[in-house]
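Inspection log for the structure reproduced underneath, given as structure tokens.
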Amino acid sequence: MPLVRDAYGFLTLPGTFSAPADLPHRVEAPSFDVWPTSAEVVERTLLGDVELSAEDARAHPGIAPLARAALDAWAGTPEPAGVHRIAPGVRVVPVRTPTLPPATQTNTWVLGEHELSIVDPASPWPDEQARLLAALRALARAGRPVVRILLTHHHLDHVSGAEVLASALGVPVLAHPETRARVAVRVDEELAPDAVVGQGIDALRCVLTPGHAPGHLCFARENGVLAAGDMVAGVGTILVDPDEGDMLEYLASLERLRALAPALLLPAHGPPILRAEAKLAEYRAHRLMREARVVTALAQARTLDALVPLAYADTPAAVWPLAARSLRAHLDKLVKDGRVRRVGDEWTLV
Ligand SMILES: [Zn+2]
């Protein structure tokens, strides 16, 4: 079964969700029963920071006051409709998007306590855009104005609501140059790796994490909360597509994130991830497990069509067209590693 590109240019399987922008669609509330409770998140992130050991406090002198300030802000007023508060300075408005199944939504992360940064407003649909705008205007009336929109990467299920929102709120859109080069959305400012946007507890540091997409950025708060874009997923899987992805870079980016020792990952799709380091290690191990299966399969087969059923025998045949894309990304990495040689459409072990 061949992959097709849907109305938004996404690689997808024929028959899976793919609706033109003017078709009616259902607005589904995410099932927050599978999300960690705010109390769990706070306990594992900010409360931990408040009770820093003397040694930690010396090593990170800025953290304790930041956490206390955020906790003070946390004990504030109820949230506007449609806004879900995950932790101090961390809110989310999930919006329905044409994304890769089984995910059906993209999380619009709303980061900050005083001046808000919006990460990946993504819905192409006017009713979803209006719902997000209403929620953000309510936050502004409560003294929390949006001051910027940040894009993690260029995929349409991350950027499609950015221009409308930027115009409505009169705020700039910021993205990495590689993202800017790939989007129709107006990007006002370019973000360099390690650039810091915002101030105090609202500050976010850009972490360059290519691999899923060129110029992919994650955004890190000082308290260990990290908006992870499509580096990890709370639901579904992360596709490393050989056309624009790079498995070698993706694995290096996973390691870069792990070195930051984040406390909480905020993925673009699905619930926040509490055991961040374990999840990042699991993602890396999973890719290396698959690579090992590809190497084993290469003892018996040389073409993509013959390799997929061997290397992905543990996955349903329905997803093999997507698996073939991932397989190509693995083979490209193995060629770069010098372990595999490519001649035409055949791959052999060196
Ligand atoms: Zn993506």
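Nothing in this text is a laboratory measurement; each read-out follows from the coordinates by a stated rule. Please read these numbers as outputs of a predicted model, since none were measured by experiment. Note that we place each Cβ from the backbone using ideal geometry, even for glycine, and neighbour counts take in every protein chain shown.
What is the gain in length, in nm to one decimal, between residue 345 and residue 244 on full extension, counting 0.36 nm per residue of separation less the C-alpha to C-alpha distance?
34.5 nm
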To the nearest 0.05, how large is the calculated FRET efficiency for residue 286 and residue 189 if R₀ is 41 Å and r is the Cβ-Cβ distance?
0.70
FRET efficiency for residue 274 and residue 310, using Cβ-Cβ distance with R0 set to 35 Å, rounded to 0.05:
0.45
Compute the Cα gyration tensor for region 231-314, then decide on rounded, prolate or oblate, letting a ≥ b ≥ c be the square roots of its eigenvalues: rounded whenever a/c is under 1.5, prolate when a/b is larger than b/c in the other cases, and oblate in all that remain.
prolate
Square roots of five times the Cα gyration tensor eigenvalues for region 276-350, Å:
21, 16, 10
Mind listing the phi-derived Karplus ³J(HN,Hα) values for region 248-265, rounded to whole Hz, using 6.51, -1.76 and 1.60 with θ = phi - 60°, and x for any glycine or proline?
4, 5, 4, 5, 5, 5, 4, 5, 4, 5, 5, 5, 7, 6, x, 8, 8, 9
How far apart, in nanometres, would the label points at residue 319 and residue 181 be if each is projected 7 angstrom from Cα along the Cα-to-Cβ direction?
3.2
Search the structure for amide H atoms under 5 Å from the amide H of residue 105, placed 1.01 Å from N in the peptide plane, and list their residues when 5 or more places away or on another chain.
97
Listed residue (304, 294, 338) projecting farthest to the positive dipole end of region 276-350, Cβ model
338
Estimated FRET transfer efficiency when R0 is 22 angstrom, pair residue 300-residue 335 (beta carbons, to 0.05)
0.75
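When N counts the residues of region 73-150, how does its alpha-carbon radius of gyration compare numerically with 2.2 N^0.38 Å, as a ratio? Working shown, then result.
Values: Rg = 12.2 Å, N = 78, 2.2 N^0.38 = 11.5 Å.
This ratio for region 73-150 stands at 1.06.
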For region 268-312: Kirkwood Rh in Å [reciprocal of mean 1/r, alpha carbons]
12.3
